[in-house]
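Right, one structure below, let's go through it.
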Amino acid sequence: MKTKLHLLAIFYRSFGLYLWVVAIGAWYLLGRPTGRDLGVVIPALVLFKFFLQAITVRILRSRYAHVFFFYANASLSQRSLFAAAFTADLVFFFLSMGTIQLASEWM
């Protein structure tokens, strides 16, 4: 189990920074909304995250298909890799937006 979690972390790190930089850039382009404004923008940011994830799946499956043999040896399918990585990405996203919301209320 520990090995599989480590492999999932390696897989997420291969594209996680890209997803975060683009999402934070979109948040900055929207004017760094906080408070009630953030509540209005969250659905658009979530849809944007899903769009980014779809692009990531397409790129990884078309250009880097050979990488999945490494994970297949540990009995991790593409579906489980993407599901775990994108679930973790959404959890981190909501945690960061919650932190931004709390920080804006405390200041």
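Checked against (1) in a helix (DSSP H, G or I); (2) modelled with pLDDT under 90, residue 48 passes all but a single condition, namely (2).
Taken over region 20-44, residues that are closer than 17 Å to residue 103 by Cβ and part of a helix (DSSP H, G or I) amount to 9. Checking each residue of region 56-69 against the condition of being assigned to a helix (DSSP H, G or I), modelled with pLDDT under 85 and within 13 Å of residue 14 (Cβ to Cβ) gives at least one match. Starting from region 44-62, take each residue that is touching a residue at least 40 places away in the same chain (Cβ under 8 Å) and list its partners that are among the small types (Gly, Ala, Ser) and in a helix (DSSP H, G or I), counting only C-beta distances under 7 angstrom and pairs at least six apart or across chains. That search, which allows pairs on different chains as well, returns 45/23; 45/26; 49/23.
Residue-level check: of (1) closer than 18 Å to residue 19 by Cα; (2) more than 19 Å from the chain's Cα centre (by Cα); (3) among the aliphatic types (A, V, I, L, M), residue 103 misses just (1).
The values are calculated or read from the model by the stated rules, or taken from the named source; none is laboratory data. Please read all numbers here as calculations on a predicted model, not as lab measurements. Neighbour counts are summed over all protein chains in view; Cβ atoms, including those assigned to glycine, are modelled from backbone coordinates with ideal geometry.
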